[in-house]
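Note sheet for the following structure.
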Amino acid sequence: QDVVVENDSLFVQMLKSSGMILKSGDRQNEIGVDQVVFQKKLQQALKKHPRHPNVIQEFISGLESYIENGDHLRNCLLPCGTLQAEETSNLVSSFHDSLIKLLLGIEILQVRISPAFSNVGSDGLSIPRLIINQFKWLDRIVNGKDLASKIMQLVTVAPVDIQHDIITSLPEILEDSQHNDVAKELNSLLQTNLQLSVPILDALSSLNLNTELLIEVRQSVMSTLSAVELEDLPVIIKFILHSVTPSDALEVISELRRSLDLESCVSVPPLHATQNRMKHKPHAGYGLFNSSKDCVSLLMDVIKSAVRFQKHTSEAWIKAIENVDTVSNHKVTDLIVLLILYSTNNNNSKKQVERVLRNKIRLGHISDQLLLSAFKNHSQVLRDYILSILSLAQTLLRSPEQSVVSFGSLMYKHTFSAYDSYCQQEVIGALVTHVCSGYPAEVDVALNVLTELVTLHSAAVALYAVFIKGILDYLDNLNIHQIRKLFQILSMLAFSKGREGGHIQDDMYIVIRKQLSSTVLKYKRIGIIGAIRMVGSMAIDRWAKSPESKPLSADSIRQITTLLELVRACSERTREASALYYDEMASLIQKRNLDQQVMDWVRKTVLDDFQNDFVVDLDPLPKGNHLFPVKAMYNLDEDESQGGIAINLLPLMSLEFAAKGTALETSKGELLVSPICLAPYFRLLRLCIEDEHDGNLDEIDALLGCPLYLTDLEVTEKLESLSKQEREFLCSLLFFTLNWFREVVNAYCKQNSAEMKGKVLSRLQNITWLQSVLEKCLAGMGLQCTQIRQLWMCSQNNKIIYTVGKKRTSAESKNSSADSSQIEQQQEIESSEIDKNEPEKEKEDSSKITVSLNSYRAYFRELDLEVFTVLHCGLLTRSILDTDLHTKATEVVQLGPAELVFLLQDLFRKMENMLTSSAKKATFLKVLTFFKLKFQLKKSEEVAKVVVDLLNSLCSHVENMHNYFQALLAENHGVVDAPGLDVKEHQFMTSCYQLLLQVFHTLFAWSGFSQHEHRKLLKSALGVLAGRFKQIDTEHALEELVSQSFNYLKNLHSSVPSSSSALSLIQLLIVLSEKTSSPQYREKIASLAKTFLCQSWIQTNGEREKGNRFNESLQSLLCIYLEHTNDVLKAVEEISGVGVPELVNTSKDGASSTYPTLTRQTFLVFFRVLMDKLEKCVKSFPVGKRSDSYEIHTEQLLRWNLAVRDFHILINLVKVFDSRPVLIVCLKYGRLFLETFLKFGMPLLDCCFKKHREDVQSLLKTLQLSTRQLHHMCGHSKIHQDTGLTNHVPQLKKTLELFVYRVKAMLVLNNCQEAFWLGNLKNRDLQVSNRCGFCMAMELHVSPIPPSLQEKHQTSKEKSGKIIYGKKCLVL
């Protein structure tokens, strides 16, 4: 029974007299007065007691005796109740502290009560926690230092759970004066006991610490970060992030980023794959998965909170990630933090994240593997940022850079694969939006992603087929290539096993039949593409994939053949539609995955129809009314003329021209065959034969060597006498002949027969010859090629490039690599060169029109990659073909220079299109016609592998070129334009050399080599090059392979025949050197670039190379030299101080003896590059600090002296070379140099003016001469009122004026302000003649000017050697 404690002890009686009634059992102690009144009464009773102060110890002894009872102790530690009198029991109800808490509030008892609890044990209730609570929030602590010491002693011996309670209560117990001392002890404890990390950091977060101690604690925490448990990370990271300041944020977060490793966290299974299973059947690891997920999520929430509310933290995270410069150092944390920053959009962080991520992807630092790891191991964490992921992927997908676009598409794919139906629907919706955007490059990528998703997750994508079907309403905005992809996607969904397939089939049938029945060619093409793609999905050979699958039913075969017959019937009356039908069928059959029954049906129709339509007997010649007499041409089987066949090309063209674009029918109603279908139909035929005979084409080998019915091409020598219709006919005849030969080469290039290989090479010779004939005929057509463009099915986006004489059109200028400013500045020089240096013969022929076939490239049949196996043949030059021009079939067949150029040009275009990660790819797609079916289906990996397989042969060709030019120079004693030189052969060999180097460069510059999965391919390619130089195993380290490859290619430098080839070689070596981090190649590249700059580039006509292209190559070579040399200032001084004076002292057409490439025509190129690189060099100088040593100041001042001297030399050159472009360069880069000097140089002068007074004075004197010259240029610009020059003047004058006052500030800072004098300087032009007006100037003396000398000094200031700075002109 609960009773009031009654005894005669002093303790009980004094409490009772003060208003406290003690209870036993489970009843609370009761207090009948206010807490403050109770404490006051008790304190007065103790102080007034007769036995004071001994009574205090007696009171404490009574307390100790009383709390020996467990119930009494518990009651003393629990809150007191209110003493309730009967008459007020319903009115009084309030909360009171515990008895112990009240006693601790009395100063004379506080010190003696604390030790009374040191040996108290636990009795079921958490007594230690209750005891700790008594010390919280006391109004006053008598001896805080002693209390803190005892608490920390208790921490060292207490159990872990009590340690947690004590440590977390410290901020509520201690006074502010004890915070730093306790924090030091907690920091020491943290180093020895990681189990207490969380409570210690929690306590430290609430303590008021000084900055030095906070930094020390934070460093201690950072050092233990890698060893803490995952569940402790959120608290630790929170402490670190909340303790950073703007000054140390970057350093702290960089270290935090390095230490934080989420890769060790437990992998979380994808949500959608385990969602239902976890609900109904939990497994042993589920708790572990959830624990890991919760901890990482909490960690990311901590980071999110920090970056949202602390600007310096978000900026530091972005900068820390930006500073990581290797793939291996990037972590999943970086990606997640970037998503967090993107989602908060604090301080415009969205744009910053996009910029950083684009740069990282472009450089290959953030890889696809890192993205995969993020989704694989932390998908549930990323789920919280799904909207940011989709938004970021949408932005990346719209980038012009291929690597960035690829990363964005991967984000879509992983998001779809990792998450549930809601996220999948968002992904499909976003991709459909991309497709309907109307931007070709964006549409292509989105369709590629959809295609891959349908291939991997057809059942999941089928649920959202209604979104994809909606794209059918936007077909007008898609090109042929995109329509093909769309129907491929829809076909795969329609014939998948999902329940949505039937609805898609019905919709596709409706759309296809509607488009096929249209009379508009555009819509008919859509119908053909849709139908063939549908057939491809219906007729797939399922047995080949899965032997358990059943073959196609008779009903399915009937549906397929009916659809094919419908397509053929709807397209046979339109020649373009027929050609597209054959090409689409060929592309379908090339996959070799169609059901055998379908293939049998196609073969039966194709073989017979081709023979009937295009093949005729060789004898007799066809009769009829033709524009030109028929003649069998290009027969390679003349010894088998009996019973031979021929391609009936010219008669078919005559019939088509007679029809004039109407329906292709004869008077009897029979359909005519268009020659436009010849090449597509043949491709379909040979693919059918290859499929039937495993690649063997012996059954149709006669088509390789059979002649064509053409006309005698001597008629091309008298084009002027032909009518417009005859010229159009002739051009079209040559065009279709070329396309036929191209498809023939495609078909037979893989045949092993030596006879066939020889014929393939002959067809290549036919192609190169006919191309030159066609160019001549097109030039004869003039600018009226409307009928030809219609007949060749020209794309609307294509533009024909015409060249009149030497002048280039704007279309050609777009292909130039120079920027607009360079072109503008060089335009005047280029025009003067043409007027002054063009040979008389060329001037006479300047009115002739020439046409480049490159403009018509989109209309020729595409060469297959397999054609380049022909490059395995050696090189055959004219000098070897002295006697036997007809090699036997058993002998080695070799390529001629013209054929090699043709193949290399096509290979280079393909590589540039597929391997170059730039916006050029989008321009290639703009000129796609329905001929361009095959190559666009290739992947960049396939192209790279093909080229690597060709590398050995390409190296042989490079070595042949090297030997050819070496032998030529040796034979002619180093004279390039020797008498008897075969100029045409030399031009071909030069083109071959250039193309081979460009092919190498494009291959090794491929961004795919930076990916881990292509590392083996890279080593294989480098192994080929290294093996040509030295016997080496491809298993060697990458650095060794790069070194040997570099040496192999560097040996070619002595034979490069042109500046463009030299540039290609240098660029190739740079790309190779970037495969390793070794700095040894920089000086080698710089030395080689200087060698090329010091080489005289002579053409075969005996003249120096010149023109815009040469200037561009020269500019690139000079930039490479200055970027890779160890001492830019020395190189600039050598060129400007040695090369330019040599040029000045030569004749008008002369050149520098040290740098033969430096002529009066190329001076602007040298001058612009030197000024640009000098300005960039000084930007890299460190800012001078007072804390730097004397030696560092001396070295920095020396570098600035050298830079200013180089600047002075360059600026003074305007006195000799005063053309307008040179003045523009001076005004622009002069301002930039001065701005850089103000920002980086003046702080250094501030620091070392007193110790290096003479050096500073010398530097300023030299700079004064340059600024005065800049002022004269400003005056010149104003006098001549040239807007191109005066646009630069205001900013330059502002900078000059700023410089005056900045120098004054430096003097004031160093207590030498009396050395500064400000006056007027006369305006002068470039010829230094006086002009009206004055400008501000300053004069600097290292010692004060005596008053007696001031007047004399002012009158002679322009003659003295003191420093005067021309500034902004102020007319007085």
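Quick notes on this structure:
- Counted residues, region 213-247 - those being of a type in the set (D, E, K, R), surrounded by fewer than 16 Cβ atoms within 10 Å (Cβ to Cβ) and at pLDDT 75 or above: 0
- Of all residues making up region 58-77, the number that are buried (at least 16 other Cβ atoms within 10 Å of the Cβ), over 18 Å from residue 21 (Cβ atoms) and in contact with a strand residue (DSSP E or B) (Cβ under 6 Å, 6 or more places away or on another chain): 0
- Scan of region 399-425 for residues that are surrounded by fewer than 19 Cβ atoms within 10 Å (Cβ to Cβ) and part of a loop (DSSP other than H, G, I, E, B), ordered by number: 400, 401, 420
- Qualifying residue in region 10-30 (condition: more than 24 Å from residue 70 (Cα to Cα), touching a residue at least 40 places away in the same chain (Cβ under 8 Å) and charged (D, E, K, R)): no
- Any chance residue 1095 is of a type in the set (S, T, N, Q), farther than 27 Å from residue 1135 by Cβ, out of contact with any Lys or Arg (no Cβ under 8 Å at 6 or more places or on another chain) and part of a loop (DSSP other than H, G, I, E, B): no
- Selected residue (criterion: least open to solvent (accessible area, probe 1.4 Å)) from residues of region 1-13 that are more than 21 Å from residue 78 (Cβ to Cβ) and not polar (S, T, N, Q): 10
- Residues of region 1244-1268 that turn out to be open to solvent by 30 Å² or more (accessible area, probe 1.4 Å), part of a helix (DSSP H, G or I) and of a type outside the set (Ser, Thr, Tyr), as a count: 7
- Sole exception among (1) assigned to a helix (DSSP H, G or I); (2) surrounded by 14 or more Cβ atoms within 10 Å (Cβ to Cβ) for residue 1191, by number: (2)
- When residue 386 is tested against (1) over 29 Å from residue 503 (Cα atoms); (2) among the hydrophobic types (A, V, I, L, M, F, W, C); (3) surrounded by 23 or more Cβ atoms within 10 Å (Cβ to Cβ), only condition (3) is not met.
- Residue within region 1228-1249 that is hydroxyl-bearing (Ser, Thr, Tyr) and more than 27 Å from residue 1172 (Cβ to Cβ) present: no
- Neighbours by Cβ (under 8 Å, 6+ apart or cross-chain): first from region 957-976, under 23 Å from residue 1025 (Cα atoms) and in contact (Cβ under 8 Å) with a residue 60 or more places away in the chain; second outside any helix (DSSP H, G or I) and hydroxyl-bearing (Ser, Thr, Tyr): 964/877
- Filter pass, residue 282 being loosely packed, with under 13 Cβ neighbours inside 10 Å, modelled with pLDDT of 75 or more and over 19 Å from residue 203 (Cβ atoms): no
- Lone unmet requirement of (1) modelled with pLDDT of 90 or more; (2) under 24 Å from residue 1105 (Cα atoms); (3) not aliphatic (A, V, I, L, M) for residue 1206: (2)
- Whichever residue in region 1225-1240 is among the hydrophobic types (A, V, I, L, M, F, W, C) and open to solvent by 20 Å² or more (accessible area, probe 1.4 Å) and, among such residues, is farthest from residue 1296 (Cα to Cα): 1240
- First in region 1107-1130 and under 20 Å from residue 1205 (Cα atoms), second anywhere and in a helix (DSSP H, G or I) and open to solvent by less than 20 Å² (accessible area, probe 1.4 Å), Cβ under 6 Å, 6 or more apart: 1122/1131; 1125/1086; 1125/1131; 1128/1122; 1128/1177; 1129/1203; 1129/1206
- Only one of the numbered conditions (1) under 18 Å from the mean Cα position of the chain (by Cα); (2) surrounded by fewer than 23 Cβ atoms within 10 Å (Cβ to Cβ) is not met by residue 353, and that is (2).
- Residue 428 being farther than 18 Å from residue 373 by Cβ, open to solvent by less than 20 Å² (accessible area, probe 1.4 Å) and either modelled with pLDDT of 90 or more or touching a strand residue (DSSP E or B) at 6+ places or on another chain (Cβ under 7 Å) (or both): yes
- Residue among 251, 263 that is at pLDDT 70 or above, within 27 Å of residue 315 (Cα to Cα) and among the charged types (D, E, K, R): 251
- Each residue in region 1040-1060 was checked for being open to solvent by less than 10 Å² (accessible area, probe 1.4 Å), under 17 Å from residue 1080 (Cβ atoms) and not aliphatic (A, V, I, L, M), and 2 pass.
- Residue 565 meets each of the listed conditions (1) surrounded by 15 or more Cβ atoms within 10 Å (Cβ to Cβ); (2) at pLDDT 90 or above apart from (1).
- Failed condition for residue 604, given (1) open to solvent by 20 Å² or more (accessible area, probe 1.4 Å); (2) in contact with a strand residue (DSSP E or B) (Cβ under 9 Å, 6 or more places away or on another chain); (3) charged (D, E, K, R): (2)
- Residue within region 530-543 that is charged (D, E, K, R) and modelled with pLDDT under 85 present: yes
- All of 367, 328 fail the test of being open to solvent by 30 Å² or more (accessible area, probe 1.4 Å), touching a residue at least 24 places away in the same chain (Cβ under 8 Å), small (Gly, Ala, Ser) and farther than 26 Å from residue 248 by Cβ, apart from 367.
- Region 590-606, subset closer than 14 Å to residue 689 by Cβ and part of a loop (DSSP other than H, G, I, E, B), residue modelled with the highest pLDDT: 590
- Selection status of residue 1139, modelled with pLDDT under 90 and of a type in the set (Gly, Ala, Ser): no
- If the condition is being in a loop (DSSP other than H, G, I, E, B) and among the β-branched types (Val, Ile, Thr), then region 26-72 contributes 33, 67.
- Flag: residue 1291 does not match the condition of being among the polar types (S, T, N, Q), farther than 23 Å from residue 1213 by Cα and in a helix (DSSP H, G or I).
- Here the condition is being among the basic types (Lys, Arg), part of a loop (DSSP other than H, G, I, E, B) and open to solvent by 10 Å² or more (accessible area, probe 1.4 Å); of 759, 718, 750, it holds for 750 alone.
- When the residues of region 607-646 are filtered to those that are among the aliphatic types (A, V, I, L, M) and at pLDDT below 80, the one that is most open to solvent (accessible area, probe 1.4 Å) is 621.
The values are calculated or read from the model by the stated rules, or taken from the named source; none is laboratory data. Values in this document were obtained by computation on a predicted structure and should not be read as measured data. Virtual Cβ from ideal backbone geometry, glycine too; neighbours counted across all protein chains shown. When the accessible area is computed, the model is the full protein with side chains, heavy atoms only, and any ligands, DNA or RNA have been set aside. Shrake-Rupley method; radii C 1.70, N 1.55, O 1.52, S 1.80 Å.
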